[in-house]
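Working notes for the structure below.
FYI, it's all coordinate maths here, none of it is from the lab. Owing to the predicted nature of the structure, the values given are computational and were not obtained by experimental measurement. In this analysis, Cβ positions are derived from the backbone assuming ideal geometry, glycine residues included, and neighbour counts consider all displayed protein chains.
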Amino acid sequence: MSDEPDAAAAEEHLPEVFARALADYERHLRSERDLSPHTVRAYVGDVAGMLEHAAALGHTELATVDLPALRSWLARQQTLGKARTTMARRATAVRVFTAWARRTGRGPTDPGSLLASPKAHHALPGALDVAEARELLEAAGRLADDGGAMGTRDAAILEMLYATGIRVGELCALDIDDVDRGRRVVRVLGKGRKERTVPYGVPAEKALARWLDSGRPEIVAPGAGAALFLGARGARIGQRAVRTVVHRRLQDVPGAPDLGPHGLRHTAATHLLDGGADLRTVQELLGHASLATTQIYTHVTTEHLRQAYRLAHPRA
């Protein structure tokens, strides 16, 4: 079952003032902040749940929704068994909402600014080691040797994901003109529509050239436009198809963890740091808005150091 609150169901039980404010807030997120439909849906659902809880406590105006009401709502999330990451996300959504309400004159204060949220436990991201990554790409390359369009495409997709560390959505959105093959860089439109340029290496260029020269022309369909990677029917490839490619090809690597495209992103970041890249560089390459997001990969590389220390040091 989805962990997302049912915003439509919650709105039916909201006081009219709350419902109107929520509708205005949704328009603000869509038109002024230009957030993705998924993000808007999550934010509105979280806020709708909070407003429904406030209404159950007797609040009928935004002006009366105070910090105790917000803390009561957050405590309710905990009693329902919600994960700390979910609670932290919902608290953030409510803080953004109350700041907007104060800014637009819907409330005299901003109670959300005082609402603390539980610290999320960051699990170490899964990643391939260097040997597994090499075997994955070599196995995909061998399958591409039969000259089939799909094998050629899959090899190029895997090479680009590992070489650049881009998100699966960013890969699917790439057009041919986004790739500067002379300079071996790709222009990526990331979260928040922020553009960045990411380099890639010679092996990825070879796989990409093979796909563009022989694989893509074989299956391209009318309406595909300038899409760089195509699905089996010749249209722009979807994220689900890319995930299937990654999972399937990892089955060819004995002992490798079953990762998706995001696992290859983790792998690229980990190997960059292991190879001596600094955090700021990796942050820019991955398109992280905050350096704190990139810092989780330092835990992965530190764990590798601990393992090596335990194996090698006589007094470990």
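Hey, what angle do you get for helix 239-250 against the long axis of the chain, alpha-carbon based, 0 to 90 degrees rounded to 10?
50
Evaluate E = 1/(1 + (r/R0)^6) for residue 63 and residue 83, where r is the Cβ-Cβ distance and R0 equals 45 Å; express this FRET efficiency to the nearest 0.05. Intermediate values should be presented prior to the final figure.
Numbers: r = 32 Å, r/R0 = 0.71.
Once the sixth-power term is evaluated, E becomes 0.90.
Where the only charges are on Cβ atoms (+1 Lys, Arg; -1 Asp, Glu), what is the dipole of the chain about its Cα centre, to the nearest 20 debye?
560
How much length is gained if the chain between residue 184 and residue 248 is pulled fully straight, taking 0.36 nm per residue apart and subtracting their Cα-Cα distance, in nm to one decimal? Numbers along the way, then the final one.
On the way: separation 64, 0.36 × 64 = 23.04 nm, distance 2.73 nm.
Computed gain between residue 184 and residue 248 is 20.3 nm.
I need 153, 196 ordered by Cβ neighbour count within 10 Å, fewest first. Intermediate results must be reported in sequence, preceding the final value.
On the way: 153 26, 196 15.
The order, fewest Cβ neighbours first, is 196, 153.
I need to check one value: relative contact order of the chain, counting alpha carbon pairs closer than 8 Å and at least 6 residues apart, in percent.
On the way: 391 pairs, mean separation 46.5, N = 316.
Once normalised by length, the contact order is 15 percent.
With unit charges on the beta carbon (Lys/Arg positive, Asp/Glu negative), name the residue among 75, 47, 214 whose Cα is farthest towards the positive pole of the charge dipole of the chain.
75
Assigning unit charges at the beta carbon (Lys, Arg +1; Asp, Glu -1) and nothing else, what dipole magnitude in debye, to the nearest 20, does the range 28-165 show about its Cα centre?
Values: 17 positive and 15 negative charges, 197 e Å.
Using Cβ point charges on Lys, Arg, Asp and Glu, the range 28-165 gives about 940 debye.
Lys and Arg at +1, Asp and Glu at -1: add these up for the other residues within a Cβ distance under 9 Å of residue 167 and post the number.
On the way: positive: 191, 265; negative: 170.
Neighbourhood net charge equals +1.
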